[in-house]
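To start, the structure under review is shown below, and the notes come after it.
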């Protein structure tokens, strides 16, 4: 287990959410809490790249630690990780690929971060065979070893509509969440991705509808009017 300053990843970009986004992640966090105490290892995937699964999964991890949870975030998108660049993380000498290939022990691939209670396993080197690596027994063994050390293990995986990696990971997790961008993915395509997840017999916890225009015609008008009227009357003008 990483426990000293040598195994530290510094997240240089300040993570800030406005009130509405913060409340949305609190709701997602609460819904996952209600799934049961046995749901600890959770994979996040999407249909295609760019739907926001990495942002959703990482911000959920941040919301969890704000609630006092101890969280391990695993970046399993070894084909095209976006976290390092997006959050300006300091470079590491090891990661998931190194562990799965037998190049480094697990404890050398787990890093503390400068955010209290948030630990991270980065992707490490870009391997030529991500799906094969994720399918080895070492990955499942790592999850079994680590689940007792953390309240939650959040795993960011590649889009299932593009590659099979996510299904391989989901099969070894307690649950999976599908992130779908609004007005982008057709029902048929989303259903095919869900069918693929069902074949893994993994517990599908739900779908996150992402990039919703909260100021749009329906959402903004309906919820703005409803909540504005309700809370305005309750708390006073």
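The values are calculated or read from the model by the stated rules, or taken from the named source; none is laboratory data. It should be emphasised that the depicted structure is a prediction, and the values quoted were computed from it without experimental measurement. Glycine gets a Cβ as well: all are built from the backbone with ideal geometry, and neighbour counts include every protein chain shown.
Per-structure values
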item	result
Residues within segment 124-142 that are under 20 Å from the mean Cα position of the chain (by Cα), over 15 Å from residue 74 (Cβ atoms) and at pLDDT 85 or above, tallied	2
Boolean, residue 7 is at negative phi and in contact with a strand residue (DSSP E or B) (Cβ under 9 Å, 6 or more places away or on another chain)	yes
Hits in segment 125-152 (condition: in contact with a helix residue (DSSP H, G or I) (Cβ under 6 Å, 6 or more places away or on another chain) and within 19 Å of residue 32 (Cβ to Cβ))	152
Unmet requirement for residue 93, which otherwise passes all of (1) more than 19 Å from residue 7 (Cβ to Cβ); (2) over 16 Å from the mean Cα position of the chain (by Cα)	(1)
Filtered residue count, segment 125-160, keeping only those that are part of a loop (DSSP other than H, G, I, E, B), in contact with a strand residue (DSSP E or B) (Cβ under 9 Å, 6 or more places away or on another chain) and under 20 Å from residue 83 (Cα atoms)	4
Test result for residue 27, surrounded by fewer than 20 Cβ atoms within 10 Å (Cβ to Cβ) and in a helix (DSSP H, G or I)	yes
Tabulated pairs, segment 25-51, first without any contact (Cβ under 8 Å) to a residue 40 or more places away in the chain and on the phi > 0 side of the Ramachandran plot, second surrounded by 19 or more Cβ atoms within 10 Å (Cβ to Cβ) and not in a strand (DSSP E or B), C-beta under 9 angstrom, 6+ apart or interchain	36/174
Test: residue in segment 185-199 that is out of contact with any helix residue (DSSP H, G or I) (no Cβ under 6 Å at 6 or more places or on another chain), modelled with pLDDT under 90 and surrounded by 14 or more Cβ atoms within 10 Å (Cβ to Cβ)	yes
Cross-chain or 6+ apart pairs with Cβ under 8 Å, segment 160-182 first and without any contact (Cβ under 8 Å) to a residue 40 or more places away in the chain, then surrounded by 20 or more Cβ atoms within 10 Å (Cβ to Cβ) and in a helix (DSSP H, G or I)	167/197; 168/134
